Amino acid sequence: MTLPMVVPDPGLPNRVTIYEVGPRDGLQNEPALVPTATKAEFVRRLVGAGLPVVESTSFVHPKWVPQLADAADLVDVLVADLGDAAREMPVLVPNERGLDRALEKGLRHIAIFGSATETFAQRNLNRSLDEQFAMFEPTVTRARDAGMDVRAYVSMCFGDPWEGDVAIDQVVRVGKRLFDLGASQLSLGDTIGVGTAGHVTDLLDAFNAAGLSDDVLAVHFHDTYGQALANAHAALRHGIRTFDASAGGLGGCPYAESATGNLATEDLVWLLHGLGIETGVDLDALVATSVWMAGVLGRPSPSRVVNALA
Ligand code: HMG
Ligand code: MG
């Protein structure tokens, strides 16, 4: 296959971490229910392609996200296939009930997911902006007491479909409060993909000024307006070293209709490898995985790199 010519940028790191969300963010929004065995095959292939972190599923209410109602079964299959490594894969957990389900499976990494806006907190969590903290606080405390690692997401960082612009200081206030519950990392979500590069830089500056350095931040871009890769590049140049992405550009949020797919992992890998930055990812194996998944889902991947290489 063709690889990008490598032209390193001396100001950038040698290596970054890709946090793969395809099996969770990618599949939570699919109209069709994907069989558990197919999801397990997807995760196995992603691990085989070298993705260092794969968020496997969500322990949310099965009626709220029926696509991931098989979370416990999927973890069983993954543990049978991959052993203890499957227990290192993060899962979304919104509350203590979700935590109990994750603990029953012996999982070691959870991710809570808060909203920077009132409307999305209501729609996605059935809680007000303030009430979401009352739900997360005991969840994180108990998870930490059980020795788990906790990631926090904050959604609607760059705009909200109901409320419009979201002030940077509001995003920072909510994000810092979520992080301070006891998270090791805060992932900044552009849930509906409206952000642009200068906005990314300003938001990261504001988090840094509030005491959250780039080391504890990650970025999570959806690609609705085609800005996800440019935004990732802006974040990379700023100092971010963890990037969320989804194989083949799958993704969306069932509670935010204007959310489309995530930044495609392949597009991100092409950029990073061209800059001489290691990811550990075998691009051929990843593209083959996304082509296979596109066949399963019955529509082509939106990723430019997948289509160019397939
Ligand atoms: P609720 O209806 O308010 O729940 O939903 P509740 O606390 O009132 O409980 C009602 C019943 O549900 C109880 O059962 C609970 O036990 C049960 P009952 O006593 O009546 O028999 N229940 C559960 N069962 C299984 N697992 C659970 C669970 N929780 C309660 N975890 C809730 C509140 C938060 C649960 C619900 O709103 C929910 O599940 N929301 C999840 C929505 C979601 O998954 N959205 C997509 C992920 S977020 C995203 O995609 C954004 C992100 O990618 C970043 C970005 O792009 O910005 C992360
Ligand atoms: Mg998302």
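The values are calculated or read from the model by the stated rules, or taken from the named source; none is laboratory data. Please read these numbers as outputs of a predicted model, since none were measured by experiment. Note: ideal-geometry Cβ built from the backbone for every residue, glycine included; neighbour counts use all protein chains shown.
Observations
Here is a yes/no grid of residues against (1) of a type in the set (Gly, Ala, Ser); (2) out of contact with any Phe, Trp or Tyr (no Cβ under 7 Å at 6 or more places or on another chain); (3) more than 10 Å from ligand 1 (Cβ to nearest atom); (4) in contact (Cβ under 8 Å) with a residue 60 or more places away in the chain:
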{"site": "101", "(1), (2), (3), (4)": "no, no, no, no"}
{"site": "104", "(1), (2), (3), (4)": "no, yes, yes, no"}
{"site": "111", "(1), (2), (3), (4)": "yes, no, no, yes"}
{"site": "180", "(1), (2), (3), (4)": "no, yes, yes, no"}
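- Against the numbered list (1) buried (at least 17 other Cβ atoms within 10 Å of the Cβ); (2) without any contact (Cβ under 8 Å) to a residue 24 or more places away in the chain, residue 126 comes up short only at (1).
- Looking across the stretch 188-219, the residues that are within 21 Å of residue 163 (Cα to Cα), touching a strand residue (DSSP E or B) at 6+ places or on another chain (Cβ under 8 Å) and within 12 Å of ligand 1 (Cβ to nearest atom) come down to 188, 189, 190, 191, 192, 193, 195.
- Residue tally, condition in contact with a Ser or Thr (Cβ under 9 Å, 6 or more places away or on another chain) and in a loop (DSSP other than H, G, I, E, B), over the stretch 1-28: 4
- Looking only at the stretch 1-55, and only at residues there that are farther than 19 Å from residue 83 by Cβ and of a type in the set (S, T, N, Q), the one that is modelled with the lowest pLDDT: 2
- Restricted to the stretch 64-150, the set of helices (runs of 4 or more DSSP H) holding at least 1 residues that are under 17 Å from residue 54 (Cβ atoms) and acidic (Asp, Glu) comprises 71-82.
- For beta carbons closer than 7 Å, sequence separation of 6+ or different chains, a first residue in the stretch 194-210 that is in contact (Cβ under 8 Å) with a residue 12 or more places away in the chain and a second that is of a type in the set (D, E, K, R) and surrounded by 14 or more Cβ atoms within 10 Å (Cβ to Cβ), the qualifying pairs are 204/214; 210/176.
- Scan of the stretch 29-50 for residues that are outside any helix (DSSP H, G or I), among the aliphatic types (A, V, I, L, M) and more than 22 Å from residue 260 (Cα to Cα), ordered by number: 49
- Helices (runs of 4 or more DSSP H) wholly inside the stretch 156-255 that include at least 1 residues being within 13 Å of ligand 2 (Cβ to nearest atom) and of a type in the set (Gly, Ala, Ser): 228-238
- Test for residue 295: is it within 13 Å of the chain's Cα centre (by Cα) and small (Gly, Ala, Ser): no
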